[in-house]
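The values are calculated or read from the model by the stated rules, or taken from the named source; none is laboratory data. Computed from a prediction, not measured in an experiment: that's the story for all the values here. Note: ideal-geometry Cβ built from the backbone for every residue, glycine included; neighbour counts use all protein chains shown. The accessibility values were calculated without ligands, DNA or RNA, using every heavy atom of the protein model including side chains. Shrake-Rupley method; radii C 1.70, N 1.55, O 1.52, S 1.80 Å.
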Amino acid sequence: QVQLVESGGGLVQPGGSLRLSCAASGSIANFNVVGWFRQAPGRQREPIATMAISGRQYYSDSMKGRVTISRDSAKNTLYLQMNSLKLGDTAVYYCAAYRSSGTLWGQGTQVTVSS
């Protein structure tokens, strides 16, 4: 069973940047979709950016233009570059990998945007 471990979260000032990483314990090349989600206190988990096996990418309206999803297949690692962070981006960020047998989730990494 492939496991996902996120890292790179932390405290950042408004307007700052962070790069999140999601290291997989095995190959994620055959997952249909991989991506990043976030969950703020009192809110539902929402998708931020996803990448299909075809290469097609999706970005949420709330973060489009400020985030970029990428992957390094050789390292089995997924990344999320986040720029121009806002107070409202404070949340726990999760990576996920989906295939027909189910969805894998990481444990999450906290991102706090505060001055």
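Structure notes:
- Here the chain is treated with +1 on each Lys and Arg Cβ and -1 on each Asp and Glu Cβ, and its dipole about the Cα centre works out to around 120 debye.
- The relative contact order of the chain comes to 37 percent, based on Cα pairs under 8 Å that sit 6 or more residues apart.
- Working from the Cα coordinates of the range 19-83, the gyration tensor eigenvalues give, after taking √(5λ), semi-axes of 20, 13, 12 Å in decreasing order.
- Full extension of the chain between Gln107 and Gln39 yields a length gain of 23.3 nm, computed as 0.36 nm times the residue separation minus the alpha carbon distance.
- Sequence-ordered 3J(HN,Hα) estimates for the range 37-54 from the Karplus curve with 6.51, -1.76 and 1.60 and θ = phi - 60° stand at 10, 9, 9, 8, x, x, 10, 6, 5, 10, x, 10, 7, 9, 9, 7, 4, 6 Hz, glycine and proline given as x.
- Share of carbon and sulfur in the accessible heavy-atom surface of the chain [1.4 Å probe, %]: 48 percent
- Averaging 1/r over every pair of different alpha carbons in the chain and inverting the result gives a Kirkwood radius of 14.0 Å.
- Proximal charge balance of Ile28 [Cβ under 12 Å; K/R count +1, D/E count -1]: +2
- Each Lys or Arg adds one and each Asp or Glu subtracts one; over the other residues with Cβ under 14 Å from the Cβ of Ile48, this totals +3.
- Karplus 3J(HN,Hα) series, Hz, for the range 100-115 with 6.51 cos²θ - 1.76 cosθ + 1.60 (x for Gly, Pro): 4, 7, x, 10, 9, 10, x, 7, x, 9, 7, 10, 10, 9, 7, 8
- The residues of the chain expose on average 53 square angstrom of accessible surface per residue, using a 1.4 Å probe on protein heavy atoms.
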